[in-house]
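One structure is given below, encoded as structure tokens.
The values are calculated or read from the model by the stated rules, or taken from the named source; none is laboratory data. Given the structure is predicted, the values throughout are model-derived calculations rather than measurements. Methodologically, a virtual Cβ is constructed for each residue, glycine included, from the backbone with ideal geometry; neighbour enumeration extends over all protein chains shown.
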């Protein structure tokens, strides 16, 4: 039987709880305002430092971007993109996602169609002199008896159509598993025929293995990527689900070492942008390995003295790459590479809560990083856009 008195008491209590909660939240807001408390994401101080500023909206020399992703390449009109490339002084862009990997993951037939349509769309718009395309393959069928044979055929056919390299994604070594439920290691011998055929065809393999080392560390006050963990928690790799950073990097090193006749481009400075001594050691030991700076200019910009020396020492092995394409973000790359500017901002706080500094690289090294090293690896890139430099 309904008890009206009990209901009224419940209603009064509920209203009291709601009122009290509002009072508490209001009080907290007033206290925070009084004590100048704010969330770390809100804090965006304007520097009072007066130093020379030389922002760069285009590069000093034409450049090749060896690390871009254009997911709509099979159907896109390139007019606006080419205009932006011209304004940046970008002579040539390489789309690493020619097969639409991710969009069509698990369906090699659709990936093959995407590659063909990407290459044909570039040719149909008369832009084969501005865009290169990489092929992607799916490792999910690694246990199939004809896995190696099929992938070798796919790669050969892609090169016949005009593909200029192979892109390997980070699922290899992290969450890719075989039919037995075992993690597929980067140096898994079942993949050797793929690396070998790329060596035979003289096409580079650009490989992204692992993540930045802090992504494998505990998410606490000592982790310099804590804000990234807060905004993008799925990026982090807990030890109960993933191998350690050191394990993945060692597997990748083994793969490089075991395939000396194949050229590899170790993406993102191999995630050793925060340990250039380690990266230098690897480049010294592995003459078949190059690297590129996509998404890691943030590491170079916080250590301009050591980073400059790294570019001096390995000037013939570093390529220009950006990763996610966004015109407005290239200026930070140009500024770090070309100027002596101090204490300027990166474009994404979760990647860097620190300030950036320029390396002021000499023209001879800039030319190598911007285009000369790429022209060595990719003979199909027309030299006419760069030769006067």
Original post:
On the given criteria, is residue 140 part of a loop (DSSP other than H, G, I, E, B), without any contact (Cβ under 8 Å) to a residue 60 or more places away in the chain and either closer than 19 Å to residue 105 by Cα or touching a helix residue (DSSP H, G or I) at 6+ places or on another chain (Cβ under 7 Å) (or both)?
Top reply: no
Original post:
When residue 167 is evaluated against the numbered criteria (1) in a loop (DSSP other than H, G, I, E, B); (2) touching a strand residue (DSSP E or B) at 6+ places or on another chain (Cβ under 9 Å); (3) under 16 Å from residue 105 (Cα atoms), which criterion, by number, is the only one it fails?
Top reply: (1)
**OP:** Take residue 274 and decide whether it is surrounded by 20 or more Cβ atoms within 10 Å (Cβ to Cβ) and within 15 Å of residue 310 (Cβ to Cβ).
**Re:** no
**OP:** For region 222-242, name all the residues that are surrounded by 12 or more Cβ atoms within 10 Å (Cβ to Cβ) and touching a helix residue (DSSP H, G or I) at 6+ places or on another chain (Cβ under 8 Å).
**Re:** 223, 224, 225, 228, 229, 235, 236, 237, 242
Original post:
For residue 209, all conditions in the list (1) part of a loop (DSSP other than H, G, I, E, B); (2) more than 30 Å from residue 380 (Cα to Cα) hold save one; what is the number of the exception?
Top reply: (2)
Original post:
Filtering region 60-91 down to residues that are touching a helix residue (DSSP H, G or I) at 6+ places or on another chain (Cβ under 7 Å) and assigned to a strand (DSSP E or B), which residue is farthest from residue 372 (Cα to Cα)?
Top reply: 67
Original post:
Right, residue 240: more than 19 Å from residue 212 (Cβ to Cβ) and either part of a loop (DSSP other than H, G, I, E, B) or without any contact (Cβ under 8 Å) to a residue 40 or more places away in the chain (or both) or not?
Top reply: yes
**OP:** Please work out if residue 82 is closer than 26 Å to residue 330 by Cα and touching a strand residue (DSSP E or B) at 6+ places or on another chain (Cβ under 6 Å).
**Re:** no
**OP:** Return the only residue of 344, 311, 320, 385 being touching a helix residue (DSSP H, G or I) at 6+ places or on another chain (Cβ under 7 Å), surrounded by 17 or more Cβ atoms within 10 Å (Cβ to Cβ) and farther than 19 Å from residue 268 by Cα.
**Re:** 344
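Quick check on this structure: which one of 293, 297 is closer than 16 Å to residue 373 by Cβ and either touching a residue at least 24 places away in the same chain (Cβ under 8 Å) or buried (at least 21 other Cβ atoms within 10 Å of the Cβ) (or both)?
Result of the check over 293, 297: 293.
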**OP:** Give the residue, chosen from 266, 261, that is over 24 Å from residue 89 (Cβ atoms), at pLDDT 95 or above and surrounded by fewer than 22 Cβ atoms within 10 Å (Cβ to Cβ).
**Re:** 261
Subject >> Cross-chain or 6+ apart pairs with Cβ under 6 Å, region 104-122 first and in contact (Cβ under 8 Å) with a residue 12 or more places away in the chain, then part of a helix (DSSP H, G or I) and crowded, with 16+ Cβ neighbours inside 10 Å >> reply: 106/140; 115/158; 119/161
Original post:
From 101, 134, 147, which residue is buried (at least 17 other Cβ atoms within 10 Å of the Cβ) and modelled with pLDDT under 95?
Top reply: 101
**OP:** Scan region 243-269 residue by residue and report those that are touching a residue at least 40 places away in the same chain (Cβ under 8 Å) and within 21 Å of residue 296 (Cβ to Cβ).
**Re:** 248, 249, 251, 252, 255, 263, 264, 265, 266, 267, 268
**OP:** May I ask you to list the residues in region 70-96 that are surrounded by fewer than 18 Cβ atoms within 10 Å (Cβ to Cβ) and in contact (Cβ under 8 Å) with a residue 24 or more places away in the chain?
**Re:** 71, 75, 76, 77, 82, 84, 87
Original post:
Taking the stated definitions as given, is residue 254 over 19 Å from the mean Cα position of the chain (by Cα), under 26 Å from residue 184 (Cα atoms) and outside any loop (DSSP other than H, G, I, E, B)?
Top reply: yes
